[in-house]
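Quick notes on the structure that follows.
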Amino acid sequence: MIKYLASITLCFALLIGKGIAQEYSTASESRNAQLRNILDYRYRGGFYTFEKDFNIAVEYPEAARQNCIIGITIVSLVVNCDGSISRISLKNSLKYGIDEQISQFFNGTYGKWNKCDDDRYTKFEIPVQFTMKGTKTNTTDALLVKEGKNPGFVCNDDEYYFLKAEKALEKKKGKKALPIIEFLLKRDPYNSKLYDMKKEAISYMK
């Protein structure tokens, strides 16, 4: 009976999730809505407890703050149906102690997951963002956001680097544009325009 009720609850949550996702205008909003629904099912206390635990456990490393390190790391992990965690990996590494903070948090969630009966709800790809107060950057793609205090000055926003990259591309200086674009991809890895700019920069280097 308990399993039956859990199954009904999950189906209801996922149906709601599909409805919510259709209201969103971007792929990121839809993806994050579905992630929240699955975390409501799998994480004890649901998504908001998951988010609260993240904010309590994770700190913005001082080295990252002083160097204006801002960006999105995509965390892939498997939470097996018995609640055990395996295969944690980070895409778009930000370094400066950020990767360690993220890994420690996810490893620390052991014992906080509900059991399940379907392997479809075991694989997660969660975008985690570190951003600095006062710096304009895309904050719509991440599911979890950690905002740090600026290091006594406002770090350059995305537009500053976009303009630098565009000017370099206008002059067909691919070698100059490429590292700027790769820097921006650390901040905004879901931005398809940046990948087009990267291809253009590489074409000028041939």
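Its DSSP H runs of at least 4 residues, each contributing -39,500 (n - 2.57), put the calculated 222 nm mean residue ellipticity of the chain at -16000 deg cm²/dmol, to the nearest 500. GNM on the chain, alpha-carbon springs under 10 angstrom: the most fluctuating residue among ILE56, ILE85, ILE72 is ILE56. Between the Cα long axis of helix 98-107 and the first principal axis of the chain there is an angle of about 10°, rounded to the nearest 10.
The angle between the Cα long axis of helix 46-57 and the main principal axis of the chain comes to about 50°, on a 0 to 90 degree scale. Under 28 Å Cα to Cα from LYS171, which lysines show up? Leave out anything in the same chain fewer than 8 places away. LYS171 reaches LYS136, LYS186, LYS193, LYS198, LYS199, LYS206.
In the set [x] 12.3; [y] 13.0; [z] 11.6, the label that goes with mean projected area of the Cα convex hull in nm² computed for this structure is [y]. 3J(HN,Hα) couplings calculated from phi for the range 88-94 with the Karplus curve 6.51 cos²θ - 1.76 cosθ + 1.60 (θ = phi - 60°) are, in sequence order, 7, 9, 10, 9, 6, 4, 9 Hz; Gly and Pro show x. Tilt of helix 158-170 relative to the longest C-alpha principal axis of the chain, in degrees (0 to 90, nearest 10)? So the helix axis and the longest Cα principal axis differ by about 50 degrees. Partners of LYS95 within straight-line reach, counting aspartates and glutamates whose Cα lies under 16 Å from its Cα and excluding those fewer than 8 residues away in the same chain: GLU59, GLU62, GLU182, ASP188. Among LYS146, LYS176, LYS193, determine the one that fluctuates most according to a GNM of the chain built with springs between C-alpha atoms less than 10 Å apart. Result for the chain, Cα springs under 10 Å: LYS193 fluctuates most.
Only the coordinates and a few stated rules stand behind these numbers; no lab work does. What you see is a predicted model, and the numbers here were worked out from it, not measured in a lab.
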